[in-house]
1. Which order do peptides 74-82, 163-171 fall in by mean Cβ count within 10 Å, highest first?
2. Only Lys, Arg, Asp and Glu count, each charged at its Cβ (+1, +1, -1, -1), so figure out the dipole size of the range 24-168 about its Cα centre, rounded to 20 debye.
3. Size of the dipole of the range 50-106 about the Cα centre, Lys and Arg at +1 and Asp and Glu at -1 on the beta carbon, nothing else charged, in debye to 20?
4. Which residues' amide hydrogens lie under 5 Å from the amide hydrogen of Lys74, considering only partners 5 or more residues apart or on another chain, with H built in the peptide plane?
5. Suppose each label sits 7 Å from its Cα in the direction of the beta carbon; what would the Trp173-Ala134 distance come out to in nanometres?
6. Treat each spin label as a single point 7 Å out from the Cα along the C-beta direction, and report the Gln188 to Thr38 distance in nm.
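No lab work stands behind these numbers, since they all come straight from the coordinates. Since we're looking at a predicted model, the values are computed, not measured. Counting neighbours? That spans all protein chains shown, and the Cβs are built from the backbone with ideal geometry, glycine included.
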Amino acid sequence: ILFVQVFWAHLLCGWAFGSELTFELPDNAKQCFYEDITVGTKCTLEFQVVTGGHYDVDCRLEDADGTVLYKEMKKQYDSFTFTAAKNGTYKFCFSNEFSTFTHKTVYFDFQVGEDPPLFPNENRVTALTQMESACVSIHEALKSVIDYQTHFRLREGQGRSRAEDLNTRVAFWSIGEAFILLVVSISQVVLLRSFFSDRKTTTTRVGS
C-alpha cells in the first residue's frame, strides 16, 4: 500500500479550480490522481521533484478514454498545457518504479479552467473605475507573487536536500579518511618498532 504524506494542499474553487499538492513517492511505487473536466476547458499540469535520488520521476497524463496526452520519463520538472477534447475523468500518474532504493518528494499543480474575473461585470461596456483598475492590478500582482513564492519554496527545499546529501557524503568520507589514517599510523609504529627491536645473537667459541 502506498503511503502518501501530504505536506500542504491548496484547492482553488470557482470558475477556475484545480489542485496543488506535495507528496512522498516511495521507491518502486506509482501514484495516480483524477480530475473531472468538461470539454473545451484549458488545463495546465506542472510538476517538480523536490527531493530524492537524481530528482527525476515518470509522468503520464490520460484523457477520459485512456488516450495518452502526455508522457515523459525521468523528468525533474516540466509543464504541460492542453484543452480537454471530451468530458470525463482525466488521470495523471507519477511513477518511481524505476528506482530501487530512493523515494522521492513530488510537487504538482494542476490548474483547470481560467481564473474568474475579479468583478462579475468586469466585461461591461463601460470602463472600470480607477479603484477597480487598481484592484485588478493588485490582484494580478499578488497572483504573480504567489507563483514566485511557490517556485522559490521548491528551490529552497531542493537546495536543502542537496546540501544535506552532500553533508552526509562528506561526513562518511571524513570517517573513512580518519579510519585509514589510524590504520596507517598503527602500521608505521609497528614497522618502526620492528626496526629497533633487540635481536638475539648467538656466539660460538672455537676451542684450541
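1. Numbers: 74-82: 14.1, 163-171: 10.4.
Descending packing order for the listed peptides: 74-82, 163-171.
2. On the way: 15 positive and 23 negative charges, 33 e Å.
About 160 debye.
3. Working: 7 positive and 8 negative charges, 13 e Å.
Dipole size: approximately 60 debye.
4. Amide H to amide H, under 5 Å and 5 or more residues apart or across chains, Lys74 pairs with Val57, Asp58, Cys59.
5. Between Trp173 and Ala134, the label points sit 5.7 nm apart.
6. 8.0
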